Amino acid sequence: MRSSNKKSASSGKSKVAILKVTEPAELMKFLIAQLPGKSRNTIKSLLLHKQVLVREKAVSQYNYPLEAGQEVVIYWGKKPELDRYRELRIVFEDEHIIVIEKQSGLLSIATNKGAEQTAYSILSDHVKKENPKNRIFVVHRIDRETSGLMMFAKNQEIQQVLQENWTEAILERKYIVVVEGNVQRDSGTIKSWLKESIALIMYSSPIPNGGQEAITHYRVLRRNDQYSLLEAELETGRKNQIRVHMQHIGHCIIGDKKYGGGPSPINRIGLHAYVLSFKHPITGEEKVFETAIPKKFLSLFQE
C-alpha cells in the first residue's frame, strides 16, 4: 500500500488527523499501515467509539472498503456529536442500507394507534437531512420490547431484493436471551410449528398444525438457580419465534408477559438481537455486525 498524505487539524477541543486514501483498501488494514505508532487495540477502540469518519459518517466496520481519493478523518479526542439519537445508534450506513441498534421500548415502525416516535420516523428524518426527497424502507422488524440490530433499505428496489431473497441474503441472526430457571441442557434445537390466533398470539405445536415451521438453536452462556443466559440462533424467522420457543421448553423469557414470563428484575424483556450478518444486496460482500451483551442482562449473573 502506498503511503497516504497525512495532516492534522483542530476541531474545537478535539485533535483531528486526516488521512488521504491513494488506492483501494479495507479500513482496518489502511489504519494499521498509516498509524504505525498505534497498537491494533488502539485502532479497534477508535472504530468502536465512532472516532473514525469516512465521507463524514462514523465507520466501525474493520473491512469497510476505501476508495482512492477519499479522506479518513480520525478524532483523537472526543468526537463531535454527529447523528446521535437517544433511542437508537446507527451502526452502519451507505447509499443503500442502514443498520441500527435500537433500544428496548422503541417501536420499529408505527402502529395505527398514533404518531408515536419509531425507529422508522427517526431514520426518515435522518436521511432527509441530506436530501428532503430521501426515504427509507422497512426490511424486517424486531419487537418493541426487544433491543438490538435491525436493517432498513434506502430505496424500494433494495427493500424488494432483500425481502424476496431473505433466506439467501441473511447469513446469521443471533439473540441474547435471559430466561427463567436453570436450563439444564448446555445446547439444543427447538423445532415446532407456529400459528397465530385471532388474538394475535403465536402458538407452538410439536406437530404440523397448519402453521409455519420454526427452528431455533440455542446454547447456554451462563446460568444460576434463578435464570439462564442463552445465545439463540434463528434458522427460520417467524413472528415472536424465540419468545414462543422459550415458552415451549418451559423457560419463559423474563418480563415477557405475553408468553408466560413473570416480572422482570431489570425492568425490560430479556431479549436482545446481537448479531446480524448478511450479503450486501449490491456488492455481495458479507457484512457482520455484533453488539455487546446488555449490562443489565449480565448483572443477573454476577457472583
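The values are calculated or read from the model by the stated rules, or taken from the named source; none is laboratory data. In this text, all values refer to a predicted model and were calculated from it rather than measured experimentally. For neighbour counting, all protein chains shown are included, and Cβ atoms are generated from backbone atoms with ideal geometry for every residue, glycine included.
Pairing residues of region 196-222 that are more than 15 Å from ALA232 (Cβ to Cβ) and touching a residue at least 12 places away in the same chain (Cβ under 8 Å) with residues that are outside any loop (DSSP other than H, G, I, E, B) and of a type in the set (S, T, N, Q), at Cβ distances under 7 Å and at least 6 apart in sequence or on separate chains, gives SER205/SER192; PRO206/SER192; GLY211/SER205. Going by what's in this entry, would LYS287 be described as within 30 Å of VAL161 (Cα to Cα), of a type in the set (Lys, Arg) and in a strand (DSSP E or B)? Answer is yes for this residue. Count of region 224-247 residues, restricted to those that are surrounded by fewer than 20 Cβ atoms within 10 Å (Cβ to Cβ), under 16 Å from ASN182 (Cα atoms) and touching a strand residue (DSSP E or B) at 6+ places or on another chain (Cβ under 7 Å), is 1.
Determine if region 13-28 includes at least one residue that is at pLDDT below 85 and under 21 Å from the mean Cα position of the chain (by Cα).
Looking only at region 13-28, we keep the residues that are at pLDDT below 85, and these are 13-16.
Retained after the next criterion (residues that are under 21 Å from the mean Cα position of the chain (by Cα)): none.
Scanning region 13-28, I find no residue that is at pLDDT below 85 and under 21 Å from the mean Cα position of the chain (by Cα), so the answer is no.
Checking the structure you have, find out if any residue of region 257-279 is touching a Leu at 6+ places or on another chain (Cβ under 9 Å), over 30 Å from LEU47 (Cβ atoms) and not assigned by TED's automatic domain parsing to the domain that holds THR146. Yes - at least one qualifying residue is present in region 257-279. When HIS126 is tested against (1) over 30 Å from ILE253 (Cα atoms); (2) in contact with a Lys or Arg (Cβ under 7 Å, 6 or more places away or on another chain); (3) in contact (Cβ under 8 Å) with a residue 40 or more places away in the chain, exactly one condition is not met: (2). Residue pairs whose Cβ atoms lie under 7 Å apart, sitting 6 or more positions apart in sequence or on different chains, and linking a residue in region 151-177 that is free of Cβ contacts under 8 Å to residues at least 40 places away in the same chain and surrounded by fewer than 17 Cβ atoms within 10 Å (Cβ to Cβ) to a partner that is aromatic (Phe, Trp, Tyr) and part of a strand (DSSP E or B), are GLN156/PHE137.
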